[in-house]
Each structure stands twice: as C-alpha cells, then as structure tokens.
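Asks: Could you have a look at this structure, given as structure tokens, before my questions?
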Amino acid sequence: MDRKRRTQRLTLAAFFVAVQAVMTVTPVGYLPIGALSITTMHIPVILAGILIGPSFGAVMGFVFGLSSMLRATFSPGLTSFVFSPFITVGGISGNFSSLLIVFVPRILLGWLSGKTYRMLVDMTGKESLSAMISAGLNTVIHTLLVMGGIWAFFGAPYASVLGISEAALGTAIGAVIVSNGIPEAVLAAVVIPALLKALLPMVKRMGLYEKTEKKEKTTEVEYAVSSDNGCRKHAY
C-alpha cells in the first residue's frame, strides 16, 4: 500500500472513530422510542466492515466496545457491571467477563459483517441486497452474543439487580432480544444499503474497497491472460 492510500485509510479510520465518539456522547447513539432505547452504535461498525473490509470492521468494533465500556464506567446504570470491570453496583462488581461481553461481540460484528457481505456478493452479485442481509443478520448475532454472555457470566447477579428470579431471567433476556435486537436489525438493514450506495463509489475511487474473493480471482486471471498475450506479441 503506497503512502497516499495509507494516509487516506488513516483519514477514513479517524472519520469513523469521530462518528462513534459523537454518537457515544450524544443521544444519537441511543434513540429512545417509546419505552425502548434503540442503539445506532452498530451502524458505523457494520458500514466499516462492508466498505473497507473485515479487518477494518473489527477495529471499529473494538472502538465500539471501548466506547461502551467507558460509557458504562463513567455514566453507570444498574447493570453497568456487565460492560465494565471497573464498576460495582449493589455489591456486584464487573470482572474479566465484562471485557469479553463488551469487546468480543463488537469486534465480531465488524469482522463478520465484512465477511458475510463479500460472501453474499460473490453468490448474488448484488451489493445492496448483500449489505441489507449482512447488516440485519449480524446485528441479530451481535445481540445474541451480548445477551448470551450476560446470561452465561452474570446470570444470578443480573437477575438480582433486575429484581427477578433467576428462573425468569431467560424470559427477560428473550424480551430484550425481541424488543431491542429486532428493531436494531431492521434499522441496520434499511440504513446500511443506503449509506453503501452513497459512499461506495468514493471508497472505490480511493482504492480502499477490499474486493471480494471472486473479484480478486477474476483480476488475477485477467492479469495472467494479459501477461500471456503480451509475451506472445513479443515472441512474434
């Protein structure tokens, strides 16, 4: 990668980080809709993975996790201990498991979004449809990993803080997945294709778009054929 392209990539990374920072400290990142609080923090992570590639998406996922941990640490709520090892609520403290919950699903969200999108483009040849499916599917996976992690690592303490029995925790977590996870998935499935359509031409012109595996193989074949034809011309 030449210096110009490296600089453009760093600039784009700084832009995505800035967007996430603004969303973290403003209501834009967490939209109250009636009794629900729908997050939009997953949107830049998915978009980064789809536009620039899985590795870039994973980095943005780490930033998402970091912002979530900082938010839980400095603006704690009743359940913030599941997202920060530095918080104690009602005698219940976060620990290393908090780091797993706050970082692993976010990192996978960005990485899987990029991988799934490219796999679907190879299969269908349709970028918008692939983006829509990847965004919706990986948002659901992200929600399942977060809530599953809470259930696995903090089941009893989480139920205690919510004021419910441990036996009722599964129902409560299922309700969160349905009430928050599905609307967030629908939001991602609608917004991501529109953003992709607007930004993809610019990213391609900058040479930062990571090609799908199929396109990479096609390019290699075309290059090989071109080189072979050139050698034959010289031979004649």
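Asks: Residues to consider are PHE103, PHE153; find the one that is in a helix (DSSP H, G or I), closer than 19 Å to SER80 by Cβ, more than 12 Å from the chain's Cα centre (by Cα) and of a type in the set (Phe, Trp, Tyr).
Replies: Answer to the selection: PHE153.
Asks: Do we find that LEU129 is loosely packed, with under 15 Cβ neighbours inside 10 Å and in a helix (DSSP H, G or I) in this structure?
Replies: Answer is yes for this residue.
Asks: Additional query: Which residues, counting only those in the stretch 4-27, are more than 17 Å from the chain's Cα centre (by Cα) and surrounded by fewer than 16 Cβ atoms within 10 Å (Cβ to Cβ)?
Replies: Those that are more than 17 Å from the chain's Cα centre (by Cα) and surrounded by fewer than 16 Cβ atoms within 10 Å (Cβ to Cβ): LYS4, ARG5, ARG6, THR7, LEU10, THR11, VAL25, THR26, PRO27.
Asks: Looking at the structure I just gave you, is THR116 of a type outside the set (Lys, Arg), part of a helix (DSSP H, G or I) and under 17 Å from the mean Cα position of the chain (by Cα)?
Replies: For THR116, the condition - of a type outside the set (Lys, Arg), part of a helix (DSSP H, G or I) and under 17 Å from the mean Cα position of the chain (by Cα) - is met.
Asks: Next question, about the same structure. Can you confirm whether THR39 is modelled with pLDDT under 90 and either surrounded by 22 or more Cβ atoms within 10 Å (Cβ to Cβ) or in contact with a helix residue (DSSP H, G or I) (Cβ under 9 Å, 6 or more places away or on another chain) (or both)?
Replies: Yes: the conditions hold for THR39.
Asks: Given GLY49, GLY29, GLY65, which one is within 23 Å of ILE101 (Cβ to Cβ) and touching a strand residue (DSSP E or B) at 6+ places or on another chain (Cβ under 9 Å)?
Replies: Matching residue, one of GLY49, GLY29, GLY65: GLY29.
Asks: While we're on this one: If you go through the stretch 65-96 one residue at a time, how many are among the polar types (S, T, N, Q), part of a helix (DSSP H, G or I) and without any contact (Cβ under 8 Å) to a residue 24 or more places away in the chain?
Replies: Final tally of qualifying residues: 2.
Asks: Keeping to the stretch 97-118, report how many residues are surrounded by fewer than 22 Cβ atoms within 10 Å (Cβ to Cβ) and either free of Cβ contacts under 8 Å to residues at least 40 places away in the same chain or among the acidic types (Asp, Glu) (or both).
Replies: So the answer is 1.
Asks: Quick test of your reading of the structure: ILE38 fulfils all but one of (1) in a helix (DSSP H, G or I); (2) within 28 Å of ALA175 (Cβ to Cβ). Name the failing condition by number.
Replies: All conditions are met except number (1).
Asks: Assess whether ALA159 counts as being among the small types (Gly, Ala, Ser), at pLDDT below 95 and more than 23 Å from the chain's Cα centre (by Cα).
Replies: When the stated conditions are applied, ALA159 passes them.
The values are calculated or read from the model by the stated rules, or taken from the named source; none is laboratory data. In this text the structure is predicted, and so the values were computed from the model without any measurement. All Cβ positions, even for glycine, are placed from backbone atoms using ideal geometry, and neighbour counts span all protein chains on display.
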